[in-house]
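One structure below.
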Amino acid sequence: GAVVSQHPSWVICKSGTSVKIECRSLDFQATTMFWYRQFPKQSLMLMATSNEGSKATYEQGVEKDKFLINHASLTLSTLTVTSAHPEDSSFYICSAMPPLGHGYGYTFGSGTRLTVV
Amino acid sequence: GNSVTQMEGPVTLSEEAFLTINCTYTATGYPSLFWYVQYPGEGLQLLLKATKADDKGSNKGFEATYRKETTSFHLEKGSVQVSDSAVYFCALSSGAGSYQLTFGKGTKLSVIP
């Protein structure tokens, strides 16, 4: 089946530093990946759509310079939270859609718990 | 735009009780509908899906039927287990070349022995 690996699973960083989160499709190529943010006890909010070889498409209200997305290959998308602040603490999840016949719909990574202190 | 409304939680049930989590949606066209489950500290896993009206998705004893007339996709299970304790998300994809998912707020289910 289709597998998406997300790393790290959790990270603690100091205010003002940057953190990079990786999302890899392990057994399929993903031209499109999605980044979500989940606040405690709330739903997933789509942050951006990551397209291989081109700029990401950000949802309204998401700061492009704050959340840098790079999709340099067909199996890897990265989200970098720049100059992190405590309000950026959240659970970040990526997802990808495998090609038809290769898995069962959208596949999600296991998420990254970011805590900014 | 698209939206998904699901019943507020938390829901607490005894083991072997019947479960219903309501989900209604608003969308243009003919969306695909999904239920995802999130266990504590983990990402989302697809539980079941339905792609057209009257389709029934089922998995692990859970079922949901795509009802276009009532724009609903309620999740049911006849006998819940402690291991079913998780957060359940209803979601839709509008299709038409879009892979974006719109999620409900999630319903936390706790099953007690």
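The values are calculated or read from the model by the stated rules, or taken from the named source; none is laboratory data. What you are looking at is a predicted structure, and each value in this text was computed from that prediction instead of being measured. As a convention, Cβ positions derive from the backbone with ideal geometry for all residues, glycine included, and neighbour counts pool all protein chains shown. What goes into the accessible areas is simple: the full protein's heavy atoms, side chains included, and nothing from ligands, DNA or RNA. Shrake-Rupley method; radii C 1.70, N 1.55, O 1.52, S 1.80 Å.
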Fill in: Listed residues A:G61, A:P86, A:G109: farthest to the positive end of the dipole of chain A (Cβ charges)
A:P86
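Report, to the nearest whole %, how much of the accessible area of region B:1-75 belongs to carbon and sulfur atoms, 1.4 Å probe, protein only. Before the final figure, lay out each step's value.
Numbers: 1800 of 3870 Å².
Here it works out to 47 percent.
If Lys and Arg each add +1 and Asp and Glu each add -1, what is the summed charge of the other residues whose beta carbon sits under 11 Å from the beta carbon of B:G9? Before the final figure, lay out the partial values.
Numbers: positive: A:K41, B:K105, B:K108; negative: B:E8.
Summing Lys and Arg as +1 and Asp and Glu as -1 gives +2.
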Discussion item. What are the ³J(HN,Hα) couplings of region B:31-45, residue after residue, when phi is run through the Karplus curve with 6.51, -1.76, 1.60 and θ = phi - 60°? Round to Hz, x for glycine and proline.
Written reply: x, 8, 10, 9, 10, 10, 10, 10, 7, x, x, 10, x, 8, 10
Worksheet entry | Student exercise, region B:23-113 dipole from Lys, Arg, Asp, Glu Cβ charges, in Debye to nearest 20 | 80
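Using a simple charge model, +1 on the beta-carbon of Lys and Arg, -1 on the beta-carbon of Asp and Glu, nothing else, what dipole does chain A show about its Cα centre, in debye to the nearest 20?
Numbers: 9 positive and 8 negative charges, 37 e Å.
It works out to roughly 180 debye.
Quantify, in whole percent, the carbon and sulfur part of the accessible surface of region A:36-109 (1.4 Å probe; protein heavy atoms only). Don't jump to the answer; show the numbers that get you there.
Values: 1990 of 3660 Å².
Summing carbon and sulfur atoms, their accessible area is 54 percent of the total for region A:36-109.
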Worksheet item: For chain B, what is the accessible area per residue in Å², given a 1.4 Å probe and the full set of protein chains?
Response: 48
Fill in: Area hidden from solvent between B and A (accessible, protein heavy atoms only, 1.4 Å, total, Å²)
1500
Worksheet item: What is the total of Lys pairs in the protein assembly as shown with C-alpha atoms under 14 Å apart, excluding same-chain pairs fewer than 8 positions apart?
Response: 9
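Could you pull out the trypsin sites (Lys or Arg not before Pro) across region A:1-52 that fall in loop regions by DSSP (anything but H, G, I, E, B) with no more than 13 other Cβ atoms inside 10 Å?
Working: sites: A:K14, A:K20, A:R24, A:R37, A:K41; in loops: A:K14, A:K41.
The qualifying sites are A:K14, A:K41.
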Fill in: Orphan Cys of chain A, criterion: no other Cys C-beta under 4.7 Å
A:C13
Worksheet item: Which whole number gives the average, over all residues in B:34-42, of C-beta atoms from other chains lying within 10 Å of the residue C-beta?
Response: 3
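Can you tell me how much longer the chain between A:K55 and A:V3 gets when fully stretched, taken as 0.36 nm per residue apart minus their C-alpha distance, in nm with one decimal?
Details: separation 52, 0.36 × 52 = 18.72 nm, distance 2.40 nm.
Stretched fully, the A:K55-A:V3 segment lengthens by 16.3 nm.
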Item to complete: Name all residues of region A:34-54 having a backbone nitrogen under 18 Å from the label point set 7 Å from the Cα of A:T115 along its Cα→Cβ direction, giving them as ranges.
Response: A:38-41
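Pop the C-beta distance of A:D65 and A:F39 into the FRET formula with R0 = 25 Å and round what comes out to the nearest 0.05. Provide the component values of the computation, followed by the final result.
Working: r = 21 Å, r/R0 = 0.85.
That gives a FRET efficiency of 0.75.
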Practice prompt. For chain A, report the accessible area per residue in Å² (1.4 Å probe, heavy atoms, rounded to an integer).
Written response: 50
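Rg/Rh for chain B: what does it come to with C-alpha atoms and Rh from Kirkwood? Show your work: numbers first, answer last.
Values: Rg = 13.5 Å, Rh = 14.0 Å.
Across chain B, the Cα-based Rg/Rh ratio is 0.96.
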Worksheet item: So what does A:M33 come to for accessible area, using a 1.4 Å probe and Å² rounded to 10?
Response: 0
Worksheet item: How much length, in nm to one decimal, is gained on full extension between B:R67 and B:E16, taken as 0.36 nm per residue of separation minus their Cα-Cα distance?
Response: 15.7 nm
